[in-house]
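Heads up: the structure comes next, in structure tokens.
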Amino acid sequence: MSDHSKVIERDASRPYRRFRQCIAPFVFGGTFSHTEGFQIVQGFYLQFGGGLTFDDTCRIAAEMGFEGYDLASPHAWPTLKKYGLLPTMSHLGAAGTPDGGIASIDLHERLEKTTRTALQECGEFGAPNIVAMTGPAKGQSLETCADNTVQFLEKVKSQAEDMNVTICLENLNSKVDHKGYLFDHVAWGVEVVKRVDSPKVKLLFDIYHSQVEEGDVVRTLRDNIQWIGHIHTAGNPGRCQIDGSQELNYAYIAREIERLDYAGFLGHEYFPRSGSDPIACMRQAYELFDVSRW
């Protein structure tokens with residue numbers, strides 16, 4: 001019987017690898033709107049809490065030490081550049097949404113056009129990643145959905161390689177937040193990425209969604225780190241800040257990710273609890289993954 005509990009010791013001769021941390025707009029709190037605030041995608045806006053503007057959030061993030069900003073599309077890039085931030089996970093919706101994605105063959109023609117545009121824009125600007133989503137199965141088998149997803153990614157992978165942009169396929173939980181979403185178990189996505197076989201097609205491993213759906217986060221990281229191109233954090237339950245009032249031990253998870261010599265970006269994508277200080281929560285999240293404090 002294999003012993004998956006055995007841990008390979010960290011190479012003590014290797015200096016700690018500094019985490020390249022980024023944030024999503026949600027960490028500042030606020031309310032969602034269909035018409036006003038910071039536009040994440042068409043028809044989906046966030047009005048930041050505390051009267052903050054997008055410019056304010058970029059300044060705060062940069063001053064704290066963050067290197068990037070997830071879910072900021074091209075209209076926001078000049079402000080990111082002003083503060084030395086990268087758009088680290090861009091073009092939400094271009095390669096699928098939770099409600100309709102690349103596992104559906106009937107959406108391929110439209111999504112191929114928007115994905116190619118996203119890859120071009122990111123490549124020209126120097127944005128490293130775009131997000132891809134499978135959407136629901138729509139009555140198809142897992143095998144058919146995998147074939148469809150591979151087919152789509154095969155079409156666009158050469159452009160991703162040419163533009164030096166990674167397409168990151170994101171897992172979401174179907175238990176609580178995204179009923180019916182197909183890619184809810186990491187093993188399914190790993191097999192898709194293996195079949196596509198491109199250094200520019202990887203997983204966006206969302207720790208919160210993985211914890212909700214199947215748990216065993218650290219073992220999943222150990223077994224699949226080579227297929228992961230981006231990581232998201234949030235606390236559970238509630239997709240809250242990553243403090244001591246939720247079940248995930250992020251201090252341990254951080255050290256494990258570093259031990260695995262992960263080199264991609266790590267994005268905080270939680271919603272601060274009502275009554276919390278969003279800036280203090282951000283600082284706590286940053287410091288958990290700040291190896292200079294270890």
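Points to keep in mind about this one:
- Scanning the range 186-219 for residues that are closer than 23 Å to Cys22 by Cα and more than 16 Å from the chain's Cα centre (by Cα) yields Pro199, Val218.
- Scanning the range 84-128 for residues that are surrounded by 23 or more Cβ atoms within 10 Å (Cβ to Cβ), more than 23 Å from Leu142 (Cβ to Cβ), in contact with a helix residue (DSSP H, G or I) (Cβ under 7 Å, 6 or more places away or on another chain) and not aliphatic (A, V, I, L, M) yields a total of 4.
- Phe183, sole failed condition from (1) under 19 Å from Cys22 (Cβ atoms); (2) buried (at least 24 other Cβ atoms within 10 Å of the Cβ); (3) not basic (Lys, Arg): (1)
- Figure legend. Inter-residue proximity from the range 274-294: first residues over 11 Å from Asp243 (Cβ atoms) and touching a residue at least 24 places away in the same chain (Cβ under 8 Å), second residues in a helix (DSSP H, G or I) and aromatic (Phe, Trp, Tyr), beta-carbon distance below 6 Å, spacing 6+ or different chains. Indicated pairs: Pro278/Phe28.
- Meets criteria (in contact (Cβ under 8 Å) with a residue 40 or more places away in the chain, of a type in the set (Phe, Trp, Tyr) and either touching a Phe, Trp or Tyr at 6+ places or on another chain (Cβ under 9 Å) or over 21 Å from Asn164 (Cα atoms) (or both)) for Phe48: no
- Of everything listed in (1) modelled with pLDDT under 95; (2) buried (at least 16 other Cβ atoms within 10 Å of the Cβ); (3) more than 19 Å from the chain's Cα centre (by Cα), the single unmet condition for Ser73 is (3).
- For the range 220-241, filtered to residues that are among the β-branched types (Val, Ile, Thr) and farther than 17 Å from Cys22 by Cβ, the residue that is surrounded by the most Cβ atoms within 10 Å (Cβ to Cβ) is Thr220.
- Among the residues of the range 242-269, not one is buried (at least 20 other Cβ atoms within 10 Å of the Cβ), more than 18 Å from the chain's Cα centre (by Cα) and more than 19 Å from Val27 (Cα to Cα).
- Close pairs (8 angstrom Cβ cut-off, 6 or more residues apart or separate chains): closer than 13 Å to Gly215 by Cα in the range 173-191, basic (Lys, Arg) and surrounded by fewer than 15 Cβ atoms within 10 Å (Cβ to Cβ) anywhere: Asp184/Lys175
The values are calculated or read from the model by the stated rules, or taken from the named source; none is laboratory data. Model, not experiment: these values are computed from the prediction. Methodologically, a virtual Cβ is constructed for each residue, glycine included, from the backbone with ideal geometry; neighbour enumeration extends over all protein chains shown.
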